[in-house]
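Asker: Let me begin by handing over the structure; questions about it come next.
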Amino acid sequence: MKRGRKPKGFNTLKVAKEVDQLGKQQNQYLGPSLKDLPKPISFDILLRLSTKRLLVCRCVCKPWRSLISDPEFARLHFERAEAFPLIRSSSRTHISRNLYLIEPPEDNPGFESHFQMKLETKLKVPLRNAELVMNGEGDANVGCSSKGGVKRKRCIKLLPKEHKLNVVNSCNGLLCLSEPSLNYPFMVCNPITGEFINLPIPTQADERSKKFFDSGLGFSPKTNKYIVIRMFDQQKRIHEPIREPITGRELFSGRVAEIHTLGTRSWKRIGCAPCSFLGYNLGFPTYLSGSLHWLLIDINILDYIISFNFDMERFQSVPQPPLNYGKMSLDMSRNMSLGTLRGRLCLCDRSNYGHIDIWMMEEYGVQESWKKAFCIGTKTDHERWLRGLYEPMSYLRSGAILFFHHLSKAVFYFNAKEQFSSLKFLKVRGIKSKFKAIAHIPSFISLKDRVTEDDLEVLNTSRCVGFKLQGETKALFLKEENEDFDSDFGLLSDVEYRDMHCESDYAG
């Protein structure tokens, strides 16, 4: 019989039936599998899993992937989800697409002592020009060599100025990404699903006339739409005074605001925009209750928390906590940060240099509802004072409050359920450079459900997932550090603390 020829009488259909029957007999012997469960039971089980577990389950079988991608499942899981920090390398010389989700394990949800975990949930943000990478035009030295028959991923060198993106803020599971130099909003993405939408780019004539400063992403409950806002100074000379939206003052300022409804193709001018003193950026964009909030630095006004309401499309001031500090100065801004904890607007104040005061607005928009929820000491176990700005990231159900410390670029946690708890230091091991953290609620809701125009393309980062960029980290570990730290982390002795109690770092 010649090689490659089927024997006489060979029936492929018969063989296929026999194989299928054998598989059914084996399944009967092993018993039913998890995917054989009724859909309502599978729905309820998967709904209780963490984001990390769901990302794994999504790859198990098609029925589970379909269930997890169901809009109703994604909505219910998002309503139950907690906010967790996303960390990202902040190297100036390399492009970092990787986002690592700090989600505590089920057996240690409160970051107990001797804590250590591998950051296995690695997500990716898009590249600014994926087509350039796909076409190979950005390769300096691709190198497809192999050893032992194992093919390596292509390592690509790209210029940071052409591909780097900053994370502006998070809103309902979506991230707003901007071009770094001018903070121009470039795209909106969902790092869990890998989907992203490119925002409309201004024409060259418009781009030359604008200087971008502030931007952010929010949601309008009235229209059920996501909206991106950008604020910039027009370069053309202003001859007539314009009324400033917060104070009502008439200024010769060309600072204006525009909004873009996600899924459309244009920007809409909405009028004059507020700005901070001496051109500083508006600090800590924070979305809550249909509005995007910022800290405003202005020595001429008392209202230092401002917001933009996406339903009414206007700026307004927000009642601030009773700190009795007067007008917001540059020194005050160095000690304050804005955020949300358990669905409440909160202000983190380190003006008392031995403590962190956490103020929370119990009823949104009501000044009398501001309460000092926590007063946390910043003295370490080694009798050192940790100076610098703290940004609130998450208040977990376990009682752990997570902070990002801007000076040391580290994550700290505080156990609110323990009476004599102190700040604990969690160091990320595996990143040579420093990193940034973003408070984020993971969401499996698809961006395609938010697009109103049929011909508007929703892209996916999976197109470039097989490429490795130069300097990308393989594995990171989060570990509690008990040893003493060096001065680079902002630790002061009692003598240094008394001498430098008025010194702080700015993170506006």
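The values are calculated or read from the model by the stated rules, or taken from the named source; none is laboratory data. Fair warning: this is a prediction, and the values are worked out from it, not measured in the lab. All Cβ positions, even for glycine, are placed from backbone atoms using ideal geometry, and neighbour counts span all protein chains on display. For the accessible areas, the whole protein counts, side chains as well, though only heavy atoms, and no ligand, DNA or RNA atoms are used. Shrake-Rupley method; radii C 1.70, N 1.55, O 1.52, S 1.80 Å.
Asker: Condition first: open to solvent by less than 10 Å² (accessible area, probe 1.4 Å), outside any helix (DSSP H, G or I) and touching a Lys or Arg at 6+ places or on another chain (Cβ under 8 Å). Now tell me which residues in segment 57-94 satisfy that.
Answerer: If the condition is that a residue be open to solvent by less than 10 Å² (accessible area, probe 1.4 Å), outside any helix (DSSP H, G or I) and touching a Lys or Arg at 6+ places or on another chain (Cβ under 8 Å), then I87 is the only one that fits.
Asker: Any residue at all in segment 310-332 that is within 22 Å of the chain's Cα centre (by Cα) and either modelled with pLDDT of 90 or more or part of a loop (DSSP other than H, G, I, E, B) (or both)?
Answerer: Kept after step one, since they are within 22 Å of the chain's Cα centre (by Cα), are these residues of segment 310-332: 310.
With the extra rule that they be either modelled with pLDDT of 90 or more or part of a loop (DSSP other than H, G, I, E, B) (or both), the set shrinks to 310.
Checking segment 310-332: at least one residue is within 22 Å of the chain's Cα centre (by Cα) and either modelled with pLDDT of 90 or more or part of a loop (DSSP other than H, G, I, E, B) (or both).
Asker: Restricting to segment 109-123, and then to whatever is of a type in the set (S, T, N, Q) and open to solvent by 30 Å² or more (accessible area, probe 1.4 Å), can you tell me which residue is farthest from K164 (Cα to Cα)? Explain how you work it out, then say what you get.
Answerer: Residues of segment 109-123 of a type in the set (S, T, N, Q): 113, 116, 121.
Remaining after also requiring open to solvent by 30 Å² or more (accessible area, probe 1.4 Å): 113, 116.
Working: S113: 37, Q116: 30 Å.
Result: S113.
Asker: Continuing with this model, one more query. If L389 satisfies every condition in (1) buried (at least 20 other Cβ atoms within 10 Å of the Cβ); (2) over 18 Å from L295 (Cα atoms); (3) modelled with pLDDT under 90 but one, which is the exception?
Answerer: Result: L389 fails condition (2) only.
Asker: Restricted to segment 260-273, and to residues that are surrounded by fewer than 18 Cβ atoms within 10 Å (Cβ to Cβ) and part of a strand (DSSP E or B), which residue is modelled with the lowest pLDDT?
Answerer: G271
Asker: Also: Kindly provide the set of residues from segment 47-56 that are in a helix (DSSP H, G or I) and open to solvent by less than 80 Å² (accessible area, probe 1.4 Å), ordered by number. Break it down stepwise before answering.
Answerer: At the first step, the residues of segment 47-56 found to be in a helix (DSSP H, G or I) are 47, 51-56.
L47, T51, K52, L54, L55 - these are the residues of segment 47-56 that are in a helix (DSSP H, G or I) and open to solvent by less than 80 Å² (accessible area, probe 1.4 Å).
Asker: How many residues does segment 194-213 contain that are modelled with pLDDT under 90, part of a strand (DSSP E or B) and not hydrophobic (A, V, I, L, M, F, W, C)?
Answerer: Qualifying residue count, segment 194-213: 2.
Asker: Within segment 117-124, identify whether any single residue is in a loop (DSSP other than H, G, I, E, B), among the basic types (K, R), out of contact with any Cys (no Cβ under 8 Å at 6 or more places or on another chain) and closer than 26 Å to P392 by Cα, and answer yes or no. Break it down stepwise before answering.
Answerer: Pass one, segment 117-124, residues in a loop (DSSP other than H, G, I, E, B): 119-121.
Remaining after also requiring among the basic types (K, R): none.
No, every residue in segment 117-124 fails to be in a loop (DSSP other than H, G, I, E, B), among the basic types (K, R), out of contact with any Cys (no Cβ under 8 Å at 6 or more places or on another chain) and closer than 26 Å to P392 by Cα.
Asker: Pairs needed: first member in segment 299-314, of a type in the set (G, A, S); second member anywhere, surrounded by 13 or more Cβ atoms within 10 Å (Cβ to Cβ) and part of a strand (DSSP E or B); C-beta distance under 8 Å; at least 6 residues apart or different chains.
Answerer: Once the first residue is of a type in the set (G, A, S) and sits in segment 299-314, its partners that are surrounded by 13 or more Cβ atoms within 10 Å (Cβ to Cβ) and part of a strand (DSSP E or B) give S307/S291; S307/L292; S307/H293; S307/W294; S307/F315; S307/Q316; S307/S317.
Asker: Applying the selection to segment 429-457, what residues are over 23 Å from W64 (Cα atoms), open to solvent by less than 70 Å² (accessible area, probe 1.4 Å) and either among the acidic types (D, E) or modelled with pLDDT of 80 or more (or both)?
Answerer: Answer for segment 429-457, where residues must be over 23 Å from W64 (Cα atoms), open to solvent by less than 70 Å² (accessible area, probe 1.4 Å) and either among the acidic types (D, E) or modelled with pLDDT of 80 or more (or both): F435, A437, I438, A439, H440, E453.
Asker: So which residues in segment 104-123 are polar (S, T, N, Q) and in contact with an Asp or Glu (Cβ under 9 Å, 6 or more places away or on another chain), if there are any at all?
Answerer: Restricting attention to segment 104-123, the residues satisfying the condition of being polar (S, T, N, Q) are 108, 113, 116, 121.
The answer is S113, Q116, T121.
Asker: Let me spell it out: the conditions are (1) over 23 Å from R387 (Cα atoms); (2) not in a strand (DSSP E or B), and L345 meets all of them except one. Which number is the exception?
Answerer: (2)
Asker: Among the listed residues S337, S351, identify the single one that is surrounded by fewer than 19 Cβ atoms within 10 Å (Cβ to Cβ), under 22 Å from R387 (Cα atoms), modelled with pLDDT under 95 and among the hydroxyl-bearing types (S, T, Y). Break it down stepwise before answering.
Answerer: Numbers: S337 fails: surrounded by fewer than 19 Cβ atoms within 10 Å (Cβ to Cβ).
Being surrounded by fewer than 19 Cβ atoms within 10 Å (Cβ to Cβ), under 22 Å from R387 (Cα atoms), modelled with pLDDT under 95 and among the hydroxyl-bearing types (S, T, Y) holds for just one of S337, S351, which is S351.
Asker: Then there is this: Suppose we keep only residues that are of a type in the set (S, T, N, Q) and assigned to a strand (DSSP E or B) within segment 218-255. Which one would you say is modelled with the lowest pLDDT?
Answerer: Across segment 218-255, the extreme among qualifying residues is Q234.
Asker: Starting from segment 58-85, take each residue that is under 21 Å from L119 (Cα atoms) and list its partners that are open to solvent by 30 Å² or more (accessible area, probe 1.4 Å) and assigned to a helix (DSSP H, G or I), counting only C-beta distances under 6 angstrom and pairs at least six apart or across chains.
Answerer: Qualifying pairs under 6 Å: R58/R65.
Asker: Related question: Has segment 360-374 got at least one residue that is buried (at least 20 other Cβ atoms within 10 Å of the Cβ) and at pLDDT below 90?
Answerer: no
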